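The values are calculated or read from the model by the stated rules, or taken from the named source; none is laboratory data. Being a predicted model, the structure only gives us computed values, none of them experimental. Here Cβ is always computed from backbone atoms with ideal geometry, including for glycine, and neighbour counts include all displayed protein chains. Please note that ligands, DNA and RNA were not included when accessible areas were found on the heavy atoms of the full protein model with its side chains. Shrake-Rupley method; radii C 1.70, N 1.55, O 1.52, S 1.80 Å.
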Amino acid sequence: MQIQENISLKPYNTFGIDAKAKHFVTVANISELEQVLTLKNYPNKLILGGGSNMLLTKDFDGLVIKMNLKGIEIVSEDETFVTVKAQAGEVWHDFVLWTIKHDFGGIENLSLIPGNVGTAPIQNIGAYGVELKDTFESCEAMAIDSKTLKTFEKNDCNFDYRNSIFKQEAKGKYIITSVNFKLTKSNHKLNIHYGAISSELEKEGIKTPTIQDISRAVITIRESKLPNPKLIGNCGSFFKNPVISIQEYEKLTKNFNDIPNYPVSDDTVKVPAGWLIEKAGFKGKQFGNYGVHKNQALVLVNYGGASGTDIYNLSELIQKTVKRLFGISIEAEVNIL
Ligand code: EPU
């Protein structure tokens, strides 16, 4: 374990922003993490997972701790269920592929989401009708002040749409070190109702899909809509889909009768921010070396060499325009640093 100085964070954030960390360290196990947290000279710390949900708008004047704890193990199992523990530094998609290979069901719809296992619970990652909370059993996290490990059961985590306790009360206080998932070994509960999945399976002529088929279909859909961060810098959805009241929604449909919605409760609906941004004219717009993705308006992209401030300013322009046109505030999903 070695503390390095003046390190470019470009390889460590999927937006590919060339910001620098004053100090940088990689930790591979609990005891290294404990040691690093004990160091007195670095009051300012940034915990880094896969770097797939952050926009760096400036250099980081402190210690970046890159979580590199690895390992996947079966904790317990019976005829129907298996509990699998994955360490925080495992790449999320590699973990999904491991579950698919073992025919453990539950997270196949979450294939190809960028990021690491340890950061997935923070924003309760979700896609195609499934959220992390559906299979999350518990996680272990280190308290930054006491350096002790605490178990968070599912009920402790206050999971919600792109939200959890780790974005609220526990923010900045804990570092997730491993996550336990409860997965199915048989009678997999398939989730194929999301339009894009059912049409992809139909296109492939699959009538009784396996979890392997679903994972493949999700990969195909994501590859066709979302830019590969290895080729074009991005953080997936930049904004959350806003939740508005039915009254607000009905008012909007008077001017925009094709506005899609997903029911959330009896009196609220979610509207796709991608639709609002597309209607506002931003889809596919390029401003020099950054812009809005051509296939999914929710995704801001760095074509190479853009600064975090460029992208942040674009996000503000989009928010203001959407507010002016529709009266709806859209909130960033990514963490802006
Ligand atoms: N839409 C447009 N134009 C666009 C994009 C979307 O009109 O450019 C409209 C269409 O009506 C489309 C609808 O929005 O039918 C929904 O689009 P999509 O299926 O792509 O889903 P989304 O609501 O835009 C959310 C997640 C994605 C996730 C997909 C699939 C959020 C913020 N984003 O996007 O998550 O992959 O659903 O489940 O909830 C991510 O978080 O990084 C991410 C990619």
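Given a 1.4 angstrom probe, I'd like the percentage of the accessible area of the chain that is carbon and sulfur, rounded to a whole number.
Details: 7760 of 16240 Å².
Ligands and nucleic acids excluded, carbon and sulfur reach 48 percent.
Could you report the chain's accessible area per residue, 1.4 Å probe, as an integer in Å²? Working shown, then result.
Working: 16240 Å² over 337 residues.
Solvent-accessible surface per residue comes out at 48 Å².
Would you tally the net charge around Lys85, using a Cβ to Cβ cut-off of less than 13 Å, leaving Lys85 out, and scoring K and R as +1, D and E as -1? Don't skip to the end; give the middle numbers.
Values: positive: Lys70, Lys182; negative: Glu73, Glu77, Glu90, Glu137, Glu140.
Within the 13 Å Cβ shell, the charges total -3.
Could you state how much accessible area Lys66 has, in square angstrom rounded to the nearest 10, with a 1.4 Å probe and all protein chains kept in place?
30 Å²
Per DSSP H run of n ≥ 4, the term is -39500 (n - 2.57); total these for the chain, divide by its residue number, and report the mean residue ellipticity at 222 nm rounded to 500 deg cm²/dmol.
-7000 deg cm²/dmol
Looking only at the chain, where both bridge partners belong to it, what percent of the DSSP beta bridges are antiparallel (to the nearest 5)? Don't skip to the answer; put the middle values down first.
Working: 47 of 59 bridges.
Around 80 percent of the beta bridges assigned by DSSP in the chain are antiparallel ones.
Between beta-carbons, use under 14 Å as the cut-off and find the net charge around Phe60, counting Lys and Arg +1, Asp and Glu -1.
+2
Is the shape of the chain best called rounded, prolate or oblate, per the rule: a/c under 1.5 gives rounded, else a/b larger than b/c gives prolate, else oblate, with a ≥ b ≥ c the square roots of the Cα gyration tensor eigenvalues? Could you put the intermediate results ahead of the total?
Numbers: a/c = 1.67, a/b = 1.13, b/c = 1.48.
It is oblate, given that a/c is not under 1.5 and a/b is not larger than b/c.
Across the range 202-212, in residue order, what do the Karplus-derived ³J(HN,Hα) couplings come to in whole Hz, using 6.51 cos²θ - 1.76 cosθ + 1.60 with θ = phi - 60° and x for Gly and Pro?
With coefficients 6.51, -1.76 and 1.60, one gets 4, 4, 7, x, 9, 9, 10, x, 9, 5, 5 Hz.
Checking the a/c ratio against 1.5 first, then a/b against b/c, what shape does the Cα gyration tensor give for the range 165-302?
In terms of gyration-tensor shape, rounded.
Could you give the dipole magnitude of the range 4-67 about its Cα centre, charging the beta-carbon of Lys and Arg +1 and that of Asp and Glu -1, in debye to the nearest 20?
On the way: 7 positive and 6 negative charges, 20 e Å.
Roughly 100 debye for the range 4-67.
Kindly identify the range 1-111 as rounded, prolate or oblate by the Cα gyration tensor criterion: order the square roots of the eigenvalues as a ≥ b ≥ c, call it rounded if a/c is under 1.5, otherwise compare a/b with b/c, prolate if a/b is larger, else oblate. Write down the numbers at each step before the final one.
Numbers: a/c = 3.58, a/b = 1.81, b/c = 1.98.
Oblate is the answer for the range 1-111, as a/c is 1.5 or above yet b/c matches or exceeds a/b.
For the range 266-328 and the range 20-87, compute the distance between their C-alpha centroids and round to whole Å.
Using only Cα atoms, the two centres lie 30 Å from each other.
Lys and Arg at +1, Asp and Glu at -1: add these up for the other residues within a Cβ distance under 11 Å of Tyr128 and post the number.
Details: positive: Arg222; negative: Glu108, Glu131, Glu200.
It works out to a net charge of -2.
Can you run phi through the Karplus equation (6.51, -1.76, 1.60; θ = phi - 60°) for the range 157-174 and list ³J(HN,Hα) in whole Hz, with x for Gly and Pro?
Along the range 157-174, the couplings run 8, 6, 5, 8, 4, 6, 8, 6, 4, 6, 9, 10, 4, 8, 4, x, 10, 10 Hz.
Which residue, Gly126, His193, Gly308, has the largest displacement toward the positive end of the dipole of the chain when charges sit on each Cβ (Lys, Arg +1; Asp, Glu -1)?
Gly308
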